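S.K.: Quick one: structure below, then a few questions.
The values are calculated or read from the model by the stated rules, or taken from the named source; none is laboratory data. Predicted model, so just to flag it, every value in this text is computed and none were measured. Here the Cβ positions follow ideal geometry from the backbone for every residue, glycine too, while neighbour counts run over all protein chains shown.
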Amino acid sequence: MKKTTLPFLLVALTGLAIAEDNVPPAGFTALFDGKQISGWFGWGTRDPHDLLALPPEQQAEYKKQSVEGGPIVNKTNAKTGKTAEEHVNAHWKVENGELVNDGKGLYLTTDKDYGDIELLVDYKMLPNGDSGIYLRGVPQVQIWDYTKEGGKWALGADKGSGGLWNNEKGSPGKDPLVLADKPFGEWNHFRILMVGSRVSVWLNEKLVVDHAILENYFDKKNHTPILPKGFIQLQTHGSEIRWKNLFVREIGSDEACKILASHGQEGYQSIFNGKDLDGWAMNDGKTPASEVVKAEDGAMKWLLHKGGTPYWNTELTDFQARVDFKLPPGGNNGLAVRYPGHGNTAYDGMCEIQVLDDNYEKVRGKIDPRQAHGSAYGMVAAARGYQHPIGEWNFEEITIKGPKIKVELNGSVILDCDLSKVDMETVMAKSKHPGKDRPSGFFGFAGHSDPVEFKNIFIKKL
């Protein structure tokens, strides 16, 4: 797979130099204007689903009290009867164009939810501080006192700030790649790039986290992905911390796909030339693949009312596949995995990994959860809600190792399963799957008559 140079990944921080504090660079929006606290509320280390579960009027009341104070947010000590003021106005202020927190209280939290973003942040912290930036309400890009005197070397503070500290021990991104903190009294600068659950962090122009998954702190047992959209939080405790130059740029679908495709390219080969179906075969051995799909504008476009399973005519065992796809409303297709070259890949192959409009029910009616996009069809359900809007391109990577399947959609892992552990008595309609344990087969597409499009189709043998 040819390595791509992406200007948006290589922009030096000096290229985003800020001429005046709190004035955003081109393409960015200021989250703080240097004058007042506006567009924020208070929230702690708490599952964002707790807020989303409240009716709109209760959400609004909570947000109001979290800023101004009230019984919902202020804590009363059962022994002393004294109430600690937890609201934003009690612990945050604006001073000399800077957001200042005294190291206590609720975290400043954006009213707006964000998906894929580039985030710029400047901060200055006093000794003994322990702070961070929550992304989509999930902790965190770590900020802390990296000195021995700070007393947290046992927790990893000696490695510096910028890591995804709440990831599991040993996970990529938990520890920063280099120590990049400046001495106390100096301003530090973050550049954070987030696409799906994938996060890259630059601290003071040094890469400290490289395209690592931000794990879901609130559901470590089930490893569910973080929300596709959520709020940004400035977490503070331990000592005073100051913030300025808080800027965000929202990333569109096309750019998101390019960012994801630019990482881990080694070992991939293109299996579709964008011009014709050379190297592809059809499941019946008679119909040319070109009668089912056509190559146009660099994409493999499914023909309306055509079915069948065109496949790349090279047998595979363990592999990774990458593909961009675009769906029409209610669109239905699938990825054929270890397909034998005949029959129905959902049953005769290892499985069909479903390619389906996430809003399929609104267009065509009810489905079983194991039919949703990314699912091992009929056997294991994938997490939902991670597709780009209909009509826009999506990036998907699948990994097949023995009986294990992992599906990463737009930077978030939506399926991670072991088909050898599936109870066949519980599968959809108790259907037989004679191909489930196949050790090898072909990779292709399981078409269901809808004009679905695929491009940038790559395979890496494992």
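S.K.: Look through the range 169-191, keep the residues that are out of contact with any strand residue (DSSP E or B) (no Cβ under 8 Å at 6 or more places or on another chain) and without any contact (Cβ under 8 Å) to a residue 24 or more places away in the chain, and return whichever of them is surrounded by the most Cβ atoms within 10 Å (Cβ to Cβ).
M.R.: The extreme case among them is D175.
S.K.: A follow-up question, please. Spot the failing condition for Q140; the list is (1) in contact (Cβ under 8 Å) with a residue 60 or more places away in the chain; (2) in a loop (DSSP other than H, G, I, E, B), and only one is missed.
M.R.: (2)
S.K.: Using beta carbons and a limit of 6 Å, which pairs, at least six apart or on different chains, have the first residue in the range 220-249 and more than 23 Å from E20 (Cα to Cα) and in the same structural domain as G103 (by TED's automatic domain parsing) and the second one part of a loop (DSSP other than H, G, I, E, B) and acidic (D, E)?
M.R.: As it stands, the answer is K229/D113; G230/D113; F231/D113; E240/D102, since those pairs meet every condition given.
S.K.: Taking the stated definitions as given, is E361 at pLDDT 95 or above, more than 19 Å from E396 (Cα to Cα) and not in a loop (DSSP other than H, G, I, E, B)? Let's see the steps before the verdict.
M.R.: Details: at pLDDT 95 or above: no; more than 19 Å from E396 (Cα to Cα): yes; not in a loop (DSSP other than H, G, I, E, B): yes.
So E361 fails the test.
S.K.: Next question, about the same structure. Could you list, in sequence order, the residues of the range 200-217 that are in a strand (DSSP E or B) and buried (at least 24 other Cβ atoms within 10 Å of the Cβ)? Reasoning before the result, please.
M.R.: Taking the range 200-217 as the starting set, the residues that turn out to be in a strand (DSSP E or B) are 200-203, 206-213.
Passing the criteria: V201, L203, V208, V209.
Every residue, every condition in (1) assigned to a strand (DSSP E or B); (2) under 30 Å from D276 (Cα atoms); (3) in contact (Cβ under 8 Å) with a residue 60 or more places away in the chain, yes or no:
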site: V407; (1), (2), (3): yes, yes, no
site: V413; (1), (2), (3): yes, no, yes
site: C417; (1), (2), (3): yes, no, no
site: M424; (1), (2), (3): no, no, no
site: H433; (1), (2), (3): no, no, yes
site: P439; (1), (2), (3): no, yes, yes
site: F442; (1), (2), (3): yes, yes, yes
site: I457; (1), (2), (3): yes, yes, yes
site: K460; (1), (2), (3): yes, yes, yes
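S.K.: Just checking, how many residues over the range 69-127 are modelled with pLDDT of 95 or more, over 30 Å from T147 (Cα atoms), of a type in the set (K, R) and part of a strand (DSSP E or B)?
M.R.: Of the residues in that region, 0 qualify.
S.K.: Looking at the range 31-42, is at least one residue part of a loop (DSSP other than H, G, I, E, B), touching a helix residue (DSSP H, G or I) at 6+ places or on another chain (Cβ under 7 Å) and at pLDDT 90 or above? Walk me through it before giving the result.
M.R.: The initial filter retains those residues of the range 31-42 that are part of a loop (DSSP other than H, G, I, E, B), namely 31-39.
If we keep only those that are touching a helix residue (DSSP H, G or I) at 6+ places or on another chain (Cβ under 7 Å) too, we end up with 37.
With the extra rule that they be at pLDDT 90 or above, the set shrinks to 37.
Within the range 31-42, one or more residues are part of a loop (DSSP other than H, G, I, E, B), touching a helix residue (DSSP H, G or I) at 6+ places or on another chain (Cβ under 7 Å) and at pLDDT 90 or above.
S.K.: Based on what the data block shows, is K366 among the basic types (K, R) and within 15 Å of N332 (Cα to Cα)?
M.R.: Spelling it out, K366 is indeed among the basic types (K, R) and within 15 Å of N332 (Cα to Cα).
S.K.: Taking M194 as meeting all but one of (1) closer than 24 Å to E397 by Cβ; (2) surrounded by fewer than 21 Cβ atoms within 10 Å (Cβ to Cβ), write down the number of the exception.
M.R.: Of the numbered conditions (1) closer than 24 Å to E397 by Cβ; (2) surrounded by fewer than 21 Cβ atoms within 10 Å (Cβ to Cβ), the odd one out for M194 is (2).
S.K.: Report whether or not A376 is at pLDDT 95 or above, touching a Cys at 6+ places or on another chain (Cβ under 7 Å) and within 22 Å of Y360 (Cβ to Cβ). Break it down into steps so the answer makes sense when it comes.
M.R.: On the way: at pLDDT 95 or above: yes; touching a Cys at 6+ places or on another chain (Cβ under 7 Å): yes; within 22 Å of Y360 (Cβ to Cβ): yes.
Criteria met by A376.
S.K.: Just name the residue that is surrounded by the fewest Cβ atoms within 10 Å (Cβ to Cβ) out of those in the range 347-396 that are among the aromatic types (F, W, Y) and more than 20 Å from K455 (Cβ to Cβ).
M.R.: If we filter the range 347-396 for residues that are among the aromatic types (F, W, Y), which is where we start, we get 347, 360, 377, 386, 393, 395.
This time we only want the ones that are more than 20 Å from K455 (Cβ to Cβ), so: 347, 360, 377.
Details: Y347: 16, Y360: 20, Y377: 27.
For the range 347-396, the residue satisfying everything is Y347.
S.K.: Something else: Does E57 satisfy being loosely packed, with under 12 Cβ neighbours inside 10 Å and at pLDDT 90 or above?
M.R.: When the stated conditions are applied, E57 passes them.
S.K.: Okay, moving on. Look through the range 123-168, keep the residues that are acidic (D, E) and buried (at least 19 other Cβ atoms within 10 Å of the Cβ), and return whichever of them is nearest to T236 (Cα to Cα). Lay out the reasoning, then the answer.
M.R.: Residues of the range 123-168 acidic (D, E): 130, 145, 149, 158, 168.
This time we only want the ones that are buried (at least 19 other Cβ atoms within 10 Å of the Cβ), so: 130, 145.
On the way: D130: 7, D145: 12 Å.
Checking each candidate, the answer is D130.
S.K.: Before we move on, is G97 at positive phi, crowded, with 22+ Cβ neighbours inside 10 Å and not charged (D, E, K, R)?
M.R.: Values: at positive phi: yes; crowded, with 22+ Cβ neighbours inside 10 Å: no; not charged (D, E, K, R): yes.
The answer is no for G97.
S.K.: Pick out the one residue from R338, R370 that is closer than 25 Å to S412 by Cα and assigned to a helix (DSSP H, G or I). Don't jump to the end; show me each part of the working.
M.R.: Numbers: R338 fails: assigned to a helix (DSSP H, G or I).
Going through R338, R370 in turn, just one is closer than 25 Å to S412 by Cα and assigned to a helix (DSSP H, G or I): R370.
S.K.: Let me ask something else about it. Quick one: in the range 293-310, of everything that is within 18 Å of G391 (Cα to Cα) and in a loop (DSSP other than H, G, I, E, B), which residue is nearest to the chain's Cα centre (by Cα)?
M.R.: G298
S.K.: Looking at N101, N77, which is the one that is in contact (Cβ under 8 Å) with a residue 40 or more places away in the chain and of a type in the set (S, T, N, Q)? I'd like the intermediate steps shown before the answer.
M.R.: Numbers: N77 fails: in contact (Cβ under 8 Å) with a residue 40 or more places away in the chain.
When all the criteria are applied, what remains is N101.
S.K.: Continuing with this model, one more query. Has the range 50-62 got any residue that is under 17 Å from K93 (Cα atoms), in the same structural domain as I133 (by TED's automatic domain parsing) and among the aliphatic types (A, V, I, L, M)? Steps first, please.
M.R.: The first filter runs over the range 50-62 and keeps only residues under 17 Å from K93 (Cα atoms), leaving none.
Taking every residue of the range 50-62 in turn, none turns out to be under 17 Å from K93 (Cα atoms), in the same structural domain as I133 (by TED's automatic domain parsing) and among the aliphatic types (A, V, I, L, M).
S.K.: Still on this structure: Kindly list the number of the only condition in (1) in the same structural domain as S161 (by TED's automatic domain parsing); (2) in a helix (DSSP H, G or I); (3) not aromatic (F, W, Y) that fails for S290.
M.R.: Among (1) in the same structural domain as S161 (by TED's automatic domain parsing); (2) in a helix (DSSP H, G or I); (3) not aromatic (F, W, Y), the lone unmet condition for S290 is (1).
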